[in-house]
1. Counting trypsin sites (Lys or Arg not before Pro) as exposed when in a DSSP loop with at most 11 other beta carbons within 10 Å, what is the longest stretch of the chain free of them?
2. Given region 139-206, what whole percent of its Cα pairs are spread farther than 18 Å?
3. Can you compute the modelled spin-label distance between residue 198 and residue 221, with each label point 7 Å from Cα toward Cβ, in nm?
4. With each label point set 7 Å from Cα along the Cα-Cβ vector, what nm distance links residue 56 and residue 72?
5. With 10 angstrom as the radius, rank 93, 148 by how many other C-beta atoms surround their C-beta, starting from the fewest.
6. For 145, 72, 254, which order do you get if you count the other beta carbons within 10 Å of each Cβ and list the fewest first?
7. Given the -39500 (n - 2.57) contribution per DSSP H run of 4+ residues, what per-residue ellipticity at 222 nm results for the chain, rounded to the nearest 500 deg cm²/dmol?
8. When the label point is put 7 Å from the Cα of residue 65 along its Cα-to-beta-carbon vector, which residues of region 95-134 have a backbone N closer than 15 Å?
Amino acid sequence: MHQGTGGADRYREAGVDIERGAALVERIRPLARATRRPGSEAGLGGFGALFDLAACGYRDPLLVATTDGVGTKLLLAIAADRLQGIGVDLVAMCVNDLVVQGAEPLFFLDYFATGRLELDRAEAVLRGVAAGCREAGCALVGGETAEMPGLYAPGHFDLAGFAVGAVERDSVLPRPGIGPGAVLLGLPASGVHANGFSLVRLILAETGAALEREAPFAPGRTLGEALLEPTRIYVKAALAAARTGGVLAMAHITGGGLVENLPRVLPDGVIARLDARAWPLPPVLAWLARAGRLERAELARTFNGGLGLVLVVDPARLALVRASLEAVGETVFEVGRLEPGSGPARVLLDGVEAVWPGAPPRS
């Protein structure tokens, strides 16, 4: 059968443009090259990516893998046409989950799916992915761009990320022997991060608040800017703290907030007692609580409460761990301690009535 150029034209007529996909690869190739690190040349375009673990100098490594997305924050980013930050969010949600197990992020891949590929918008997202990879010290080694007409509404797309890290076998977190007396240190969040946005969108719909208007809690910034502030990447700080030998565990505070994420790294028989007066609640969360008439318990369970990372620290090395964090520019809050308990680990959050706005509990 004769084959000319008609086949490609028919595929384009069906909604898929192969040349447009190839053009995107060429646009992001220099962004990926800028994320090179030992073990990877960060090349794009092959069927798979190679990584030389020996080049990283590990003695007895374990690999740690994670995958995540950015949830419905993506819908606000599309509505506000602020797309680069969402690429940073994608990386952050993955690498922060790696580093709390003591793992150094090594490489990252992304999945970008849309009905019709718009080069400028896709490039903006992937520029953010590359920026997040540079901040995390991991290589952007590849990914997948899928053009699927009919599956996504015009102008919409979806994202997923996949990251792999490595940790020496004897450095895996959490460590054994976590018990009462351990100190809890918190590192501040940059805002909402990338969880709870279905509730954020409901609050926006109920209040009629417009993304392009000035944020009532942040003069000089639009509401869209403030809500879409990218998730902080804690890799440098967390690895610096882990190298001191004084960190017993770390928790990335995502969906479920402090009350659900911190117990994930704690053994049975302890209570994590936190004092909400020890750190500030971000103005954006205070506004959401008031505008959404949220109970304090719902605020604590849906959002991060102003802390993106919590470290469980050996009290004998507290000063050393704090100094390591401050040396990389972190603001550090001593937010609580572990106490004896019974049954599964749980969190008690003191002082919220004094510093967190909240609606009365529903009867």
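1. Numbers: sites that count: 59, 213, 362.
Excluding the exposed sites themselves, the longest stretch runs over 60-212.
2. Working: 1679 of 2278 pairs.
Taking all Cα-Cα pairs of region 139-206, the fraction more than 18 Å apart is 74 percent.
3. 2.6 nm
4. Between residue 56 and residue 72, the simple spin-label model gives 3.6 nm.
5. Details: 93 27, 148 15.
So the residues, fewest neighbours to most, are 148, 93.
6. Values: 145 19, 72 16, 254 22.
By the 10 Å Cβ count, ascending: 72, 145, 254.
7. Values: 13 runs with 126 residues, N = 363.
Estimated from H runs of four or more residues: -10000 deg cm²/dmol.
8. Taking a point 7 Å out along Cα→Cβ of residue 65, the residues of region 95-134 whose backbone N falls under 15 Å are 98, 106-111.
Bear in mind that the values in this text are calculations on the coordinates, not laboratory data. Computed from a predicted structure; not experimentally measured. Heads up, the Cβs are rebuilt from the backbone with ideal geometry, glycines too, and the neighbour counts pull from every protein chain shown.
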